[in-house]
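The values are calculated or read from the model by the stated rules, or taken from the named source; none is laboratory data. All values reported here derive from a predicted model rather than from experimental measurement. For neighbour counting, all protein chains shown are included, and Cβ atoms are generated from backbone atoms with ideal geometry for every residue, glycine included. Ligands, DNA and RNA are stripped out before the accessible areas are found, and what is left, the full protein with its side chains, is counted by its heavy atoms. Shrake-Rupley method; radii C 1.70, N 1.55, O 1.52, S 1.80 Å.
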Amino acid sequence: MKKDMLRKILISAAVLLSLVVGGSNLLTSSVDAKARATKAKTTQVANSKQQLVDIVMKPKSQQNLDDFVYDSVDPGNINYRKFVSAKQFAAQFGQNATNIKKLRVYLNKNHLKTTVYRGNLIMSVTGTTKNIERAFKVNLVNVTKGSLKYQKAIGTARVPKTLNRAVYAIMGLSNYSPFSNTKRTFSPASFHKLAETSGSSGISPRYSPQKFVNRYSLSSLYANGSTGRNKTIGIITFANYHPSDAYKYWAGQGITVKQNRLSVYRTNEYAGTWDGYDETTMDVEQAGAIAPDANIRTYIGRSNITGMVNSLAAAVGQNSADALSISWGQSEAQVAYEIKQGITPAKYNQILNLLFEQAAAQGMSVFTAAGDNGAYDGISTGLTKGLSVDTPSNSPYVTSVGGTTLPKTYTVNGNKVTVSKERAWGSEFLYPNYDHQKFFNTMDMIDSYFTGGGGGFSKYNDTPKYQKGFSGVGTYEATKLWSFNKNGQPKQLSTPVEISGKQQGRNVPDISANADPATGYTMFVTPKHNAADKGEWEISGGTSIVAPQIAATSVLMSDNSAGRLGFWNPQIYRFAASHDTPFTVLDSRTNNTNLYYTGQPGKLYNQATGLGTVDFTKLNNAFNG
């Protein structure tokens, strides 16, 4: 989840069959080393250019909001599952209506239009550069730095002091696009060499979503009539997709669905891009396969922080989605770089947390992909000089989903290597293959060596209440395979180093499931500009395939309950400590790493796989017992 232009790597059939793990679909960051080293040139933004800026407004009481979010999922509290509507949230926790009116009057006097998302936390402001500059006391410039081009503000955006007490932050003056997805896929060219022909899809059943159902004990929910009926899954994304692909996918997998289940919300009336369309396609297909009767609503926004914030504000404001899935983001290391460059607000992390708290207060469950570079999230941007985790997966108010590898036999440097039991997703056991391979460039090398489920410790968020004192949280076991020089270039250690220690911060991920493309799932996709094309079947993976799957299980479980399940995390950590835990802890110290962190023998949590994998029959009983 990190970048702004589509880069599709297709590995040849011969290489694929020898390496087993496929190439990756990444949105490659335009913040490359060459661009960063180039001297920046600036020009004035045209006065008539239309701008979109967000004013993030303070909640009435941050403490009251924090308390309510936890109270709403505490069975012993009077507010247990008494979730609020967006209107009630605005009245109880959002910014005061009088202060909002004063802000709008001021902005309207400067010939700017305003829209307030339901919940009274985000106000979108639109107008010309000239009027935006006058209202917020800034100068907008275009920056050219090598191949990197973006807009930023000179000066600190502000409103008159009489209005400032209502304002938490002002954002959107930069249009830098930092996001990428975490989808990984096998090469279509070699696909049929990997799968036996079966059914109309030409796909082996071993790559079917039914594997997820069987592996993680979902059948009992279907047997009880849970199909996601009258529920909605929201997909936060930055790219268009062909709805017909999803229907062809479900038909090819023998999944019966209604024909009007899909809808699209275009954030800020954004027409959308096709860069990353296969990620959106995969999210919709997987969510719809696991919850066949659920509605699916995609929120498509610009690939920048304003697009992310406004899509979230729209989704929680509409309050129609019972669960949200997010497969896009960026590393904390990249966020730190952007804040330093003045293109991301310093409070961006807190802004996302506010919106996730609104979702939690309304009973919406949010699931995010933990990333696909193992413990080195965002290494392909050139900004990660060591360990890093993904945002928004680092938020304490979302359920961060990591990755595993299923049992499988591989050919590694001419020898058969068997993964005998489910383990953390990490490519380290394939390194002997890569050591003899020639790569086109450093990025190609990184995409092979740094493949695994995201996890580690957040530098932006403290250890949340539900993790404090929990077995394994704040401690870690690790196998160090890499060092980094002062320029951030990785170097493989000749001898791995075993490490253990303690660390503060939000521990990521929370749970995990199969994300390795070598043991992955099918998807169907047609070319981005031609929905009428016959299309192709692919085998995909990545933590972004797991996030929509888990979001779908949430609506399945709420399908048989009195209502929404709400904020998962305080509940699932409580369940994990019970005698009948619904989680299988992957705590092995060996052959169980996300390229750094490993299991912690005897402990209930580790930073490679979180609480572990889920038995959804048991989890459903725990939620609804």
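Would you mind telling me which numbered condition in (1) at pLDDT 95 or above; (2) more than 22 Å from GLN50 (Cβ to Cβ) GLY276 fails?
Among (1) at pLDDT 95 or above; (2) more than 22 Å from GLN50 (Cβ to Cβ), GLY276 violates only (1).
Any residue in the stretch 269-292 that is in contact (Cβ under 8 Å) with a residue 40 or more places away in the chain and closer than 23 Å to SER174 by Cβ? Can you show your working first?
So in the stretch 269-292, the residues in contact (Cβ under 8 Å) with a residue 40 or more places away in the chain come out as 274-292.
Cutting the leftovers down to closer than 23 Å to SER174 by Cβ gives us 275-276.
Among the residues of the stretch 269-292, at least one is in contact (Cβ under 8 Å) with a residue 40 or more places away in the chain and closer than 23 Å to SER174 by Cβ, which makes the answer yes.
Just give me the residues in the stretch 408-432 being in contact (Cβ under 8 Å) with a residue 24 or more places away in the chain and either small (Gly, Ala, Ser) or in a loop (DSSP other than H, G, I, E, B) (or both), in sequence order. Reasoning before the result, please.
Pass one, the stretch 408-432, residues in contact (Cβ under 8 Å) with a residue 24 or more places away in the chain: 408, 410-411, 419, 422-431.
Listed by number, the residues that qualify are GLU422, ALA424, TRP425, GLY426, SER427.
Looking at ILE550, ILE539, ILE572, can you tell me which residue is aliphatic (A, V, I, L, M), part of a strand (DSSP E or B) and touching a residue at least 12 places away in the same chain (Cβ under 8 Å)?
Within the list ILE550, ILE539, ILE572, the selection yields ILE539.
Do you know which of the residues in the stretch 328-354 that are charged (D, E, K, R) and touching a residue at least 60 places away in the same chain (Cβ under 8 Å) is surrounded by the most Cβ atoms within 10 Å (Cβ to Cβ)? Write out each step before concluding.
If we filter the stretch 328-354 for residues that are charged (D, E, K, R), which is where we start, we get 332, 338, 340, 347.
Filter once more, so that each one left must be touching a residue at least 60 places away in the same chain (Cβ under 8 Å): 332, 338, 347.
Numbers: GLU332: 28, GLU338: 21, LYS347: 16.
If we take residues in the stretch 328-354 being charged (D, E, K, R) and touching a residue at least 60 places away in the same chain (Cβ under 8 Å), then GLU332 is surrounded by the most Cβ atoms within 10 Å (Cβ to Cβ).
Quick one: which residue in THR405, THR418, THR381 is more than 25 Å from GLY488 (Cβ to Cβ) and open to solvent by less than 10 Å² (accessible area, probe 1.4 Å)?
Values: THR418 fails: open to solvent by less than 10 Å² (accessible area, probe 1.4 Å); THR381 fails: more than 25 Å from GLY488 (Cβ to Cβ).
After ruling out the rest, the residue left standing is THR405.
Considering only residues that are open to solvent by less than 10 Å² (accessible area, probe 1.4 Å), part of a loop (DSSP other than H, G, I, E, B) and over 21 Å from TYR70 (Cβ atoms), which ones fall in the stretch 604-617?
Once the filter is applied, which keeps residues that are open to solvent by less than 10 Å² (accessible area, probe 1.4 Å), part of a loop (DSSP other than H, G, I, E, B) and over 21 Å from TYR70 (Cβ atoms), the stretch 604-617 yields GLN607, ALA608, THR609, GLY612.
May I ask you to say which residue of ALA321, ALA314 is closer than 28 Å to VAL138 by Cα and modelled with pLDDT of 95 or more? Talk me through it step by step, then tell me what you get.
On the way: ALA321 fails: closer than 28 Å to VAL138 by Cα.
After applying the criteria, what remains is ALA314.
Could you check the stretch 521-563 and list, in sequence order, the residues that are in contact with a strand residue (DSSP E or B) (Cβ under 7 Å, 6 or more places away or on another chain) and surrounded by fewer than 24 Cβ atoms within 10 Å (Cβ to Cβ)?
Answer for the stretch 521-563, where residues must be in contact with a strand residue (DSSP E or B) (Cβ under 7 Å, 6 or more places away or on another chain) and surrounded by fewer than 24 Cβ atoms within 10 Å (Cβ to Cβ): GLY535, GLU536, TRP537.
Taking the condition among the basic types (Lys, Arg), modelled with pLDDT of 95 or more and surrounded by fewer than 24 Cβ atoms within 10 Å (Cβ to Cβ), does LYS491 pass?
It is false that LYS491 is among the basic types (Lys, Arg), modelled with pLDDT of 95 or more and surrounded by fewer than 24 Cβ atoms within 10 Å (Cβ to Cβ).
Can you tell me which of TYR247, TYR270, TYR299 is crowded, with 24+ Cβ neighbours inside 10 Å and of a type outside the set (A, V, I, L, M)?
TYR299
If I ask for residues that are aliphatic (A, V, I, L, M), farther than 23 Å from SER395 by Cα and out of contact with any Leu (no Cβ under 9 Å at 6 or more places or on another chain), which ones from the stretch 258-309 would you list?
Listed by number, the residues that qualify are LEU262, VAL264, ALA271, MET282, ALA289.
Can you tell me which of LYS491, LYS534, LYS480 is basic (Lys, Arg) and part of a loop (DSSP other than H, G, I, E, B)?
Working: LYS491 fails: part of a loop (DSSP other than H, G, I, E, B); LYS480 fails: part of a loop (DSSP other than H, G, I, E, B).
Of LYS491, LYS534, LYS480, the one residue that is basic (Lys, Arg) and part of a loop (DSSP other than H, G, I, E, B) is LYS534.
Under the condition of being part of a loop (DSSP other than H, G, I, E, B) and open to solvent by less than 60 Å² (accessible area, probe 1.4 Å), which residue from the stretch 593-603 is nearest to TYR431 (Cα to Cα)? Break it down stepwise before answering.
Looking only at the stretch 593-603, we keep the residues that are part of a loop (DSSP other than H, G, I, E, B), and these are 594-596, 599-603.
Of the ones still in play, those that are also open to solvent by less than 60 Å² (accessible area, probe 1.4 Å) are 594-596, 599-600.
Working: ASN594: 13, LEU595: 11, TYR596: 14, GLY599: 20, GLN600: 23 Å.
Across the stretch 593-603, the extreme among qualifying residues is LEU595.
If I go through the stretch 310-327 residue by residue, how many of them are open to solvent by 10 Å² or more (accessible area, probe 1.4 Å) and in a loop (DSSP other than H, G, I, E, B)? Give the derivation first.
Initial filter on the stretch 310-327 (open to solvent by 10 Å² or more (accessible area, probe 1.4 Å)): 318-320, 322.
Filter again for in a loop (DSSP other than H, G, I, E, B), leaving 319-320, 322.
The number of residues fulfilling the criteria is 3.
Of all strands (runs of 3 or more DSSP E) completely enclosed by the stretch 57-170, which ones contain at least 3 residues that are open to solvent by less than 30 Å² (accessible area, probe 1.4 Å) and touching a residue at least 24 places away in the same chain (Cβ under 8 Å)?
Answer list for the stretch 57-170: 122-128, 139-145, 148-154.
So is THR590 in contact with a helix residue (DSSP H, G or I) (Cβ under 9 Å, 6 or more places away or on another chain), of a type in the set (Ser, Thr, Tyr) and either in a loop (DSSP other than H, G, I, E, B) or closer than 20 Å to ILE290 by Cβ (or both) or not?
Working: in contact with a helix residue (DSSP H, G or I) (Cβ under 9 Å, 6 or more places away or on another chain): no; of a type in the set (Ser, Thr, Tyr): yes; either in a loop (DSSP other than H, G, I, E, B) or closer than 20 Å to ILE290 by Cβ (or both): yes.
Here the answer is no, as THR590 does not meet what is asked.
Can you pull out the residues in the stretch 91-113 that are under 12 Å from GLN51 (Cα atoms) and touching a helix residue (DSSP H, G or I) at 6+ places or on another chain (Cβ under 7 Å)? Break it down stepwise before answering.
The initial filter retains those residues of the stretch 91-113 that are under 12 Å from GLN51 (Cα atoms), namely 112-113.
Passing the criteria: only LEU112.
If you go through the stretch 128-177 one residue at a time, how many are on the phi > 0 side of the Ramachandran plot and modelled with pLDDT of 90 or more?
Keep residues of the stretch 128-177 that are on the phi > 0 side of the Ramachandran plot, which gives 137, 146, 155, 172.
With the extra rule that they be modelled with pLDDT of 90 or more, the set shrinks to 137, 155, 172.
Final tally of qualifying residues: 3.
Yes or no: ILE255 β-branched (Val, Ile, Thr) and part of a loop (DSSP other than H, G, I, E, B)? First the steps, then the outcome.
Details: β-branched (Val, Ile, Thr): yes; part of a loop (DSSP other than H, G, I, E, B): yes.
In short, yes.
Would you mention how many residues in the stretch 467-488 are surrounded by fewer than 17 Cβ atoms within 10 Å (Cβ to Cβ), under 18 Å from SER400 (Cβ atoms) and touching a helix residue (DSSP H, G or I) at 6+ places or on another chain (Cβ under 8 Å)?
Final tally of qualifying residues: 0.
Whether any residue in the stretch 502-517 is open to solvent by 40 Å² or more (accessible area, probe 1.4 Å), without any contact (Cβ under 8 Å) to a residue 40 or more places away in the chain and in contact with a Phe, Trp or Tyr (Cβ under 9 Å, 6 or more places away or on another chain) is what I want to check. Step through it out loud before you land on a result.
The first filter runs over the stretch 502-517 and keeps only residues open to solvent by 40 Å² or more (accessible area, probe 1.4 Å), leaving 502-504.
Now narrow it down to the ones that are without any contact (Cβ under 8 Å) to a residue 40 or more places away in the chain: 502.
Right, trim to in contact with a Phe, Trp or Tyr (Cβ under 9 Å, 6 or more places away or on another chain) and you get 502.
Yes.
Go over the candidates SER512, SER500 one by one and state the one that is closer than 30 Å to LEU352 by Cα, modelled with pLDDT of 95 or more, in a strand (DSSP E or B) and in contact with a strand residue (DSSP E or B) (Cβ under 6 Å, 6 or more places away or on another chain).
Working: SER500 fails: closer than 30 Å to LEU352 by Cα.
Matching residue, one of SER512, SER500: SER512.
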